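Enquirer: Sharing a structure with you now.
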Amino acid sequence: EVYFGFRPQVIEIEFSTSMAGPWNTTSVTSRDLAGLVGLKDVGASFAIRFLRIRITKGFRDGEELLGASVRDVAVYLFRNWARGVNATSDSIWDYKSAWVVDSSNQTKWVSRYDTTVAELTVDLERAVNVAGMNIRFLWGCGFFRLWYAMNYNADGWTLGKEDSGVFDGLVELPTTMHFKARYIKIEMRQPLVKIYHPDTPGEPKTDKPVFSLSSLEVKTHPGGGGVFGIESLDGLQYTTLAYGLREPGQWVIASEGEIMTRDLGEPADFEFEVWTHWVMTFQTVGAEGLNRLTQVNMYKNGQPYGPSQTMSQPIARLSLPNQTRLVFGARSSAHDKPNANAWPPIQSGLDPNLKEYTYAESWPDPRDLVKHGASHSAHFEGMLRRVGIIKNALSPEEVRGLYLDLELGCHCYDACPTGSNRHHPGVQVPCSGQGICRRYPDGKPFQPGYCQCLPGFFGDNCENHCSLPPSVGCCEANDDCPPSFRCDAATKRCLAR
């Protein structure tokens with residue numbers, strides 16, 4: 001928005017991510033406040049670094065002494081979706097319903113004099129993923145209901161919340177309250193305030209109940225996009241780090257059918273426009289029937305992010321050779337459909353394993369396969385500076401070194417015993433390239449390290465595979481063994497099938 005002192009007659013607003021262009025022009029319209037103009041389409045997001053105000057016809061001054069002037073410019077990252085939209089009420093005095101959504105606490109809506117029940121409805125002008133609201137009462141109520149709907153008809157309303165108490169002043173509905181709606185209706189009962197009619201001020205028995213609201217703020221939940229992860233070639237199986245999928249601003253591990261989906265339990269993160277180093281590690285740690293147990297760890301800027309989590313998944317999931325790939329900027333490539341966010345989900349074209357219950361008309365639905373799977377965008381916008389994939393799960397110490405671009409711990413060539421492996425049989429490397437060179441806990445200077453072998457290998461320098469005799473037993477699951485062998489759970493040895 002641009003707030004002019006002396007408003008020019010014709011204005012163009014241009015924006016770009018580079019001074020060299022290209023420049024994009026957007027339409028503007030006047031707001032209720034004199035001199036204030038804003039975007040005509042307030043719901044569309046776009047990337048911007050540079051803003052240009054082009055005045056093609058200036059302020060009309062009969063004496064030709066004054067020109068156009070600018071008081072303030074505002075760019076909104078997270079907007080109030082109720083701001084400037086259409087508001088109506090079944091009960092109104094001389095105070096307009098629209099004054100509730102004009103972003104000013106100096107104006108107010110007041111119900112009809114002598115009213116015990118009133119409704120205020122706002123049209124958000126599009127379907128919005130709502131996550132919390134702020135309602136500011138001037139003259140409050142003892143009971144209220146919050147309704148929402150996608151279509152404005154008598155049968156289309158869903159009850160979002162009802163509560164009794166003393167609702168006066170600011171009432172905050174938490175960001176954990178989620179629903180998808182175009183229309184929101186506030187039903188008020190049991191008024192707390194009585195006022196005299198202007199024509200009979202102070203006259204006994206002429207004070208009657210009224211309701212009044214000064215502002216309404218509707219918060220949106222714009223997240224859900226995948227940053228990076230791994231997926232099957234068709235994108236129907238995926239394990240991806242996603243931003244704001246379940247709650248605004250929170251990072252989560254996302255997957256199809258919630259197989260590997262986990263909250264990371266960290267506070268909401270709204271730090272933008274900074275480079276961030278992320279690492280996700282996967283390590284098979286055991287078996288459970290026909291499933292393998294996978295330990296997943298997340299790291300942000302070299303430090304553990306959220307708890308280590310062990311999850312059960314089918315043995316073949318995202319593990320077959322040449323059937324897995326990396327994915328960036330989306331939860332998975334299978335979400336890349338023209339109508340992926342269409343509602344109800346049956347219109348989205350998404351595979352049922354990727355989304356909410358197919359025939360859901362309201363949201364959330366208790367039959368949802370994936371929380372926010374179809375209602376929230378699967379895409380994340382950002383930039384990549386460096387990407388790496390490492391075959392084996394890194395230790396926390398190694399992740400820290402990766403972030404600092406240093407080799408931490410005992411990584412000198414002669415610190416651990418060396419050996420060769422089948423990939424490079426003539427090359428001696430520490431731990432045969434099949435283990436991690438670790439320091440002993442006592443940390444004595446110049447003390448040799450020891451080899452911590454990866455699953456499936458054993459020996460002082462990790463030179464032996466579990467399939468080779470004399471195996472001491474070191475496999476955890478069948479996929480630690482060659483294709484024709486299985487892992488014996490009792491001895492942890494690879495035995496022929």
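Enquirer: Rounded if a/c is under 1.5, else prolate if a/b beats b/c, else oblate: with a ≥ b ≥ c from the C-alpha gyration tensor eigenvalues square-rooted, which is the range 274-341?
Expert: Numbers: a/c = 2.16, a/b = 1.10, b/c = 1.96.
The shape class here is oblate.
Enquirer: Would you work out the charge dipole size for the chain about its Cα centre, treating the Cβ of every Lys and Arg as +1 and the Cβ of every Asp and Glu as -1, and quote it to the nearest 20 debye?
Expert: Dipole magnitude for the chain comes out near 540 debye.
Enquirer: Take the alpha carbon atoms of the range 16-33, find their center, do the same for the range 183-234, and report the distance between the two centers in whole angstrom.
Expert: Cα centroid of the range 16-33 versus Cα centroid of the range 183-234: 32 Å apart.
Enquirer: Express the carbon and sulfur contribution to the solvent-accessible surface of the chain as a percent, rounded to the nearest whole number, probe 1.4 angstrom.
Expert: With neighbouring chains kept in place, the figure for the chain is 51 percent.
Enquirer: Across the range 10-166, what fraction of all alpha-carbon pairs, as a whole percent, falls in each successive 5 Å bin from zero upward?
Expert: 1, 6, 13, 16, 16, 14, 11, 9, 7, 5, 2, 1, 0
Enquirer: Quick one: grab Rg to one decimal and Dmax as a whole number for the chain, Cα atoms only, in Å.
Expert: Over the chain's Cα set, Rg and Dmax evaluate to 30.7, 105 Å.
Enquirer: Along the charge dipole of the chain, which of PRO430, VAL274, THR261 sits closest to the positive end, that is, farthest toward it, with unit charges on the beta carbon of Lys, Arg, Asp and Glu (+1, +1, -1, -1)?
Expert: PRO430
Enquirer: Evaluate the charge dipole of the range 24-137 about its Cα centre and quote only its size in Debye, nearest 20, assuming +1 on the Cβ of each Lys and Arg and -1 on the Cβ of each Asp and Glu.
Expert: In total the dipole reaches around 540 debye.
Enquirer: Between TRP23 and THR88, how high is the FRET efficiency from 1/(1 + (r/R0)^6) when r is the Cβ-Cβ distance and R₀ = 41 Å? Nearest 0.05.
Expert: Once the sixth-power term is evaluated, E becomes 0.60.
Enquirer: Place a +1 charge on the Cβ of each Lys and Arg in the range 266-379 and a -1 charge on the Cβ of each Asp and Glu, then give the dipole magnitude about the Cα centre in debye, rounded to the nearest 20.
Expert: Charge dipole of the range 266-379: 400 debye, to the nearest 20.
Enquirer: For the pairs LYS96/LYS219; LYS108/LYS185; LYS185/LYS355; LYS96/LYS205, flag any whose C-alpha to C-alpha distance is greater than 20 Å.
Expert: LYS96/LYS219; LYS185/LYS355; LYS96/LYS205
Enquirer: Mind checking which aspartates and glutamates have their Cα closer than 15 Å to the Cα of LYS391? Skip sequence neighbours fewer than 8 apart in that chain.
Expert: ASP479, ASP480
Enquirer: Still on this structure, please answer the following. Hey, if you put +1 on the Cβ of every Lys and Arg and -1 on every Asp and Glu Cβ in the chain, which of ASN461, PRO396, VAL285 ends up farthest toward the positive end of that dipole?
Expert: Ranked along the dipole, the leading option is ASN461.
Enquirer: How many times 2.2 N^0.38 Å is the alpha carbon radius of gyration of the range 164-277?
Expert: Details: Rg = 23.6 Å, N = 114, 2.2 N^0.38 = 13.3 Å.
Here the answer is 1.77, to two decimals.
Enquirer: While we're on this one: Using a 1.4 angstrom probe, figure out how much accessible area the range 250-304 has per residue, in square angstrom, rounded to the nearest whole.
Expert: On the way: 2720 Å² over 55 residues.
Ligands and nucleic acids excluded, the result is 49 Å² per residue.
Enquirer: Cα to Cα, under 23 Å, and not fewer than 8 places away if on the same chain: which lysines meet these conditions relative to LYS57?
Expert: Straight-line reach from LYS57, under 23 Å: LYS40.
Enquirer: Per DSSP H run of n ≥ 4, the term is -39500 (n - 2.57); total these for the chain, divide by its residue number, and report the mean residue ellipticity at 222 nm rounded to 500 deg cm²/dmol.
Expert: Working: 1 runs with 9 residues, N = 497.
Only helices count here, giving -500 deg cm²/dmol.
Enquirer: What Kirkwood hydrodynamic radius, in Å, does the range 264-380 give when the mean of 1/r is taken over all pairs of distinct Cα atoms and then inverted?
Expert: Hydrodynamic radius (Kirkwood, Cα only) of the range 264-380 equals 16.8 Å.
Enquirer: Place a point 7 Å from Cα of GLU162 in the direction of its Cβ. Which residues in the range 350-393 have their backbone N less than 19 Å from it?
Expert: So the set is 363-364.
Enquirer: With every protein chain kept in the model, how would you rank THR220, THR239, THR491 by accessible area, 1.4 Å probe, largest at the top? Let's see the in-between values first.
Expert: Working: THR220 30, THR239 0, THR491 70 Å².
So the residues, ranked largest to smallest area, are THR491, THR220, THR239.
Enquirer: Rg/Rh for the range 311-354 to two decimals, with Rh computed the Kirkwood way over all alpha-carbon pairs.
Expert: On the Cα set of the range 311-354, Rg over Rh gives 1.07.
Enquirer: Which distance in nm do the two modelled labels at ARG145 and SER69 give, with both placed 7 Å along the Cα-to-Cβ direction?
Expert: That separation, rounded to one decimal, is 5.2 nm.
Enquirer: Provide the solvent-accessible area of LEU233, counting protein heavy atoms only and rolling a 1.4 Å probe, rounded to the nearest 10 Å².
Expert: LEU233 exposes around 80 Å² with every protein chain in place.
Enquirer: Rank LYS337, LYS355, LYS40 by accessible area, highest first, at a 1.4 Å probe radius?
Expert: Accessible-area ranking of LYS337, LYS355, LYS40, largest first: LYS40, LYS337, LYS355.
Enquirer: Determine the order of HIS372, HIS197 by accessible area, beginning with the largest, at a probe radius of 1.4 Å.
Expert: Heavy-atom accessible area, descending, gives HIS197, HIS372.
Enquirer: While we're here: Which value results for Rg/Rh of the range 79-196 when Rg is the Cα radius of gyration and Rh the Kirkwood radius based on the inverse mean 1/r?
Expert: Looking at the range 79-196, the ratio lands at 0.93.
Enquirer: So which aspartates and glutamates pass the test for LYS194, namely a Cα distance under 20 Å, with those fewer than 8 places away in the same chain ruled out?
Expert: ASP90, ASP94, ASP114, GLU119, ASP168, GLU203, ASP207
The values are calculated or read from the model by the stated rules, or taken from the named source; none is laboratory data. Computed from a predicted model, the values in this text were never measured in an experiment. With ideal geometry, Cβ positions are generated from the backbone for all residues, glycine too; neighbour counts draw on all protein chains shown. Ligands, DNA and RNA are stripped out before the accessible areas are found, and what is left, the full protein with its side chains, is counted by its heavy atoms. Shrake-Rupley method; radii C 1.70, N 1.55, O 1.52, S 1.80 Å.
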